[in-house]
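Undergrad: Once you've had a glance at the structure underneath, I'll fire off some questions.
The values are calculated or read from the model by the stated rules, or taken from the named source; none is laboratory data. Because the structure is predicted, anything quoted here is derived from the model rather than measured. FYI the Cβ positions are ideal-geometry reconstructions off the backbone, even for glycines, and counts take in every protein chain you see. Areas reflect the complete protein model, heavy atoms only, side chains present, ligands, DNA and RNA absent. Shrake-Rupley method; radii C 1.70, N 1.55, O 1.52, S 1.80 Å.
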Amino acid sequence: MAVPYGHQAVDDADIQAVVDVLRGEWLTQGPAVAAFEETFAERCGAPYAVAFSSGTAALHAAAFAAGIGPGDELVTSALTFAASANCGAYLGATPRFADIDRSTWNVTAETIAASVGPRTRVVIPVHFAGLPAPVEDIRDALAENVTIIEDAAHALGAHRAGAQIGSCRHSHMTTFSFHPVKAIAAGEGGMVTTRDPQLRERLTRFRNHGLTNDRSSLTRDEGAWYAEQQDLGFNYRLSDIHSALGRSQLAKLDRYIELRNVIAARYRESLDGIGDLVLPPEAPADSLHAYHLFIVQHCGGREARRRLYGELHERGILVQVHYLPVYLHPWYRRLYGYEPGLCPEAERYYAGCLSLPCFPGLTEEDQRLVVDTLWDLCA
Ligand SMILES: *Cc1c(COP(=O)(O)O)cnc(C)c1O
């Protein structure tokens, strides 16, 4: 049996929650969406949460709500899933990239500042692997007219210096993903949290074709049926089926994050001193790591990492590589002319990174197999 790097944990309560929706009145746009949003907002400590059909849709909506467009620039981490940058490109804005700090693998106020220019309208810090990034420092270093969107696809359940990720204490919006490998699964799904009622309205319209039937914002009143399209939106709605699963999973979030931290602690203990492998950054004492990923660095470089990846896969341990620096994807190079060397720390990181199996359902036995195999291949 192969051991994947990530996997959902679905129990009978989750299954029952989905079945209840299937037996009910609504499959989409019913009460389960609002219930999920309300519970999620409460959990994050933000007044508003708006659900989307994916984390990518959530990022697209957040970038739209920020008002970014052609001629504007967005700055995000070089080390992230491409969706963190694509959301600006969808709207005609130009994605720029900030390098990571070698000791945290996150962007910092300094690395962001080095990539910000007069056209920067949006900055998207990513809480990489689940370790909270210093958003309060980043905010303090930016001009008032820059919108900060935290990409928290890795960091649901984490907190930094007493601030829950998603509370938007130092940002305008925070986005999440409910893809099965993330902290909670909805099948597909995403969320944006915010403290700003106007951003919430823009997010909600964007999710549903740009339509509104809110009496107070309509240009005219033609009757109770009347709705009008005020923006160019999409169908980015989350179904009641997905929402019910997401909400049921959310009830177990604390337990899941605890289990991920137990797994990380076990890796730290049992891989201590292993040749060629460096263990990932830890969270400071006042913060909580969500450990979406537990990533080791192979100091032997690109070829050694490639070999180890192959040997582990041959033995059924399905490690992964997260991520190629976004600007090195051919589309980014072709469109924006990016070249290797732009973010040296992200490139150095990429040459050695390997994500080990880390998810709530990973058994002690399977983790032991991963550890023993690594000692076998690396010692
Ligand atoms: C998973 C992920 C996304 C996109 O989420 P989807 O739900 O898969 O669309 C965005 N950003 C980061 C950093 C991610 O890991």
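Undergrad: Filter region 50-88 down to the residues that are hydrophobic (A, V, I, L, M, F, W, C), in contact with a Gly (Cβ under 8 Å, 6 or more places away or on another chain) and within 15 Å of the ligand (Cβ to nearest atom) and list them by number.
TA: Once the filter is applied, which keeps residues that are hydrophobic (A, V, I, L, M, F, W, C), in contact with a Gly (Cβ under 8 Å, 6 or more places away or on another chain) and within 15 Å of the ligand (Cβ to nearest atom), region 50-88 yields Ala51, Phe52, Ala57, Ala58, Leu59, Ala63, Leu74, Ala83.
Undergrad: Assess whether Gln29 counts as being more than 19 Å from the chain's Cα centre (by Cα), outside the structural domain of Cys353 (by TED's automatic domain parsing) and open to solvent by 30 Å² or more (accessible area, probe 1.4 Å).
TA: Taking the combined requirement at face value, the residue satisfies it.
Undergrad: Among the residues of region 89-104, count how many are away from the ligand (no atom under 14 Å from the Cβ) and either of a type in the set (Lys, Arg) or in a loop (DSSP other than H, G, I, E, B) (or both).
TA: 9
Undergrad: Here is a check on your reading of the model: is Ala251 more than 28 Å from the chain's Cα centre (by Cα) and closer than 23 Å to Thr28 by Cα?
TA: Details: more than 28 Å from the chain's Cα centre (by Cα): no; closer than 23 Å to Thr28 by Cα: yes.
Criteria not met by Ala251.
Undergrad: Return the residue satisfying two criteria in turn: it lies in region 311-321 and is touching a residue at least 24 places away in the same chain (Cβ under 8 Å) and surrounded by fewer than 20 Cβ atoms within 10 Å (Cβ to Cβ), and of such residues it is farthest from Asn86 (Cα to Cα). Reasoning before the result, please.
TA: Of the residues in region 311-321, the ones touching a residue at least 24 places away in the same chain (Cβ under 8 Å) are 311-312, 315-321.
Subset that is surrounded by fewer than 20 Cβ atoms within 10 Å (Cβ to Cβ): 311, 315-316, 318, 320-321.
Details: Glu311: 33, Arg315: 35, Gly316: 33, Leu318: 27, Gln320: 22, Val321: 20 Å.
Top of the filtered list is Arg315.
Undergrad: Can you name the condition, by its number, that Asp221 falls short on among (1) out of contact with any Pro (no Cβ under 7 Å at 6 or more places or on another chain); (2) not assigned by TED's automatic domain parsing to the domain that holds Thr28?
TA: Asp221 satisfies every listed condition except (2).
Undergrad: If you check Thr39 against the conditions, is it in a loop (DSSP other than H, G, I, E, B), among the β-branched types (Val, Ile, Thr) and either away from the ligand (no atom under 16 Å from the Cβ) or closer than 24 Å to Phe128 by Cβ (or both)?
TA: Working: in a loop (DSSP other than H, G, I, E, B): no; among the β-branched types (Val, Ile, Thr): yes; either away from the ligand (no atom under 16 Å from the Cβ) or closer than 24 Å to Phe128 by Cβ (or both): yes.
When the stated conditions are applied, Thr39 does not pass them.
Undergrad: If you take the residues of region 183-236 that are among the aromatic types (Phe, Trp, Tyr) and out of contact with any helix residue (DSSP H, G or I) (no Cβ under 6 Å at 6 or more places or on another chain), which of them is farthest from Val21 (Cα to Cα)?
TA: The qualifying residue farthest from Val21 (Cα to Cα) is Tyr226.
Undergrad: Can you find even one residue in region 105-121 that is assigned to a strand (DSSP E or B) and either open to solvent by 10 Å² or more (accessible area, probe 1.4 Å) or closer than 23 Å to Arg348 by Cβ (or both)? Don't jump to the end; show me each part of the working.
TA: Within region 105-121, the first condition is being assigned to a strand (DSSP E or B), and the residues that meet it are 120-121.
In the following step, the residues that additionally are either open to solvent by 10 Å² or more (accessible area, probe 1.4 Å) or closer than 23 Å to Arg348 by Cβ (or both) were identified as 121.
Yes, the conditions are met somewhere in region 105-121.
Undergrad: Considering only region 323-337, how many residues are open to solvent by less than 80 Å² (accessible area, probe 1.4 Å) and without any contact (Cβ under 8 Å) to a residue 40 or more places away in the chain?
TA: 3
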